[in-house]
Structures are given as C-alpha cells and as structure tokens.
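Chemist: Before I ask anything, let me first share the structure, which is written out below as structure tokens.
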Amino acid sequence: MLEILTGTGLAAAAGLNAYIPLLIMGIAGRIDWIQLPNGWLWLENEWVMVILGVLLVIEIIADKVPAVDSVNDWIQTVVRPASGGIVFAGGIGTSTVAVDDPGTFFSSGAWIPVVIGIVLALLMSLAKSAVRPVANLATGGAAAPALSTAEDGASIVLVILAIVAPILVLIALGLMLFAFVALIRRVRRKRRERAAQATQLA
C-alpha cells in the first residue's frame, strides 16, 4: 500500500513538473537516501542528472512567461506522462524488464505500473493545462509566475512526501484538488463580474 502511495505521489509530481521527481530520485539514489531498482539506476548517472537539471531550468523559466507557459504545457503533455510512468514504476520498486529483456516486458506485467504512472501524470498535467489559460486570461497573464511557482513547490513537496511519508500523499492530493477547484471557481466568478461590468458600461 505504501509503495503504491509513493508511486502515486511521484507520478502526480511529474504531472506538475516532469523533471523535479526524476532529478530528486536520481540525487536521492546517488547519496543512498533511497535504493533505486536496477532498471532505474541510470537516474543516478551524473550526465543524466546534469541534463535533467538543464531541462528543469528551461521548464521553470518557460512556465513563468504568459502565453509561452500555455505552449509549454501542451509540449510537456507528452513529457510529463512519460516521466510519471518512470517514477511510478521506480517508486514502487519495480525493476522493469524493459531494460533487461524487452521481449518479456508485456508478458511479465512490468508494463502495468508504467501505464498507471503515465495515466496519473497525464491527468494531473491536463488539469494544470486547463487551469493555466483560464487564469492567465482572467488576470492578464499575471497569474502565470505565481501559479508556476506554486506548482513547482507542490511537485517538490509531493516527491518528498512520497519518499519520506507516503501516507501524507493522499492529504496533499486532496488539498491540491480543493485548491484547483477553488481557483477555477474564483476565476470564473471574476470573469462573470467583468462581463457584468462591461454590460453595464455599454
């Protein structure tokens, strides 16, 4: 059960930022904080961590620029689920045979945690992509940096909780869902107020 919660937290974090969970898992494995499965030891490679670090910096910058953030979101819709599949499988201790023996990948069932991670990260990524344009439109783009920073922070917190206290992942995800719904309602309310004011002025 705890392993599933760990994988869920990591996949959800990947849905917000594809590179944060990959990089943290690599660093944690490198310093022996966690023991990565054999199939995921490549995350500890120095060059892999450098590349992930560079991609993370690019993602952080692009995600805070209005309009660019929405384009980036759609591009990352492919990357985030892939990351989610990797970290979910790695998080639950699955040493995927895709690395060692591709021929038995499907027959062994090693694909199941990868698919679960992909779906979880994709759902989170789509939620993020749906909220961002609406918030930017309602605030004239001012929401982009704040939302991006909050999402990056949430991704980091989810990864740490997934590794240190997996049971708290459920609470974190519940709070995030509440925040998403509240934000959407608030933005829609402001849009209705602006539309009403424009009608009155006309």
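Values in this text are rule-based calculations from the coordinates and carry no lab data. Everything numeric in this text was worked out from a predicted model, so none of it was measured. No Cβ is skipped: glycine too gets one built from the backbone with ideal geometry, and neighbour counts run over all protein chains shown.
Chemist: Which value, in debye to the nearest 20, describes the size of the charge dipole of the range 2-201 about its Cα centre when Lys and Arg Cβ atoms bear +1, Asp and Glu Cβ atoms bear -1, and nothing else is charged?
Modeler: Taking the Cα centre of the range 2-201 as origin, the dipole is about 1340 debye.
Chemist: Still on this structure, please answer the following. Each label point is 7 Å from the Cα along the Cα-to-Cβ direction; what then is the distance between the points at Leu2 and Leu126, in nm?
Modeler: 3.3
Chemist: Note down the relative contact order for the chain as a percent, whole number, built from C-alpha pairs under 8 angstrom at least six residues apart.
Modeler: So the answer I get is 33 percent.
Chemist: So, counting K/R as plus one and D/E as minus one, what does the shell of residues with Cβ under 13 Å around Leu55 add up to?
Modeler: Residues near Leu55 contribute -1 overall.
Chemist: Let me ask another. For the chain, what is the mean residue ellipticity at 222 nm derived from helices alone (per DSSP H run of n ≥ 4: -39500 (n - 2.57); sum divided by total residues; nearest 500 deg cm²/dmol)?
Modeler: -26500 deg cm²/dmol
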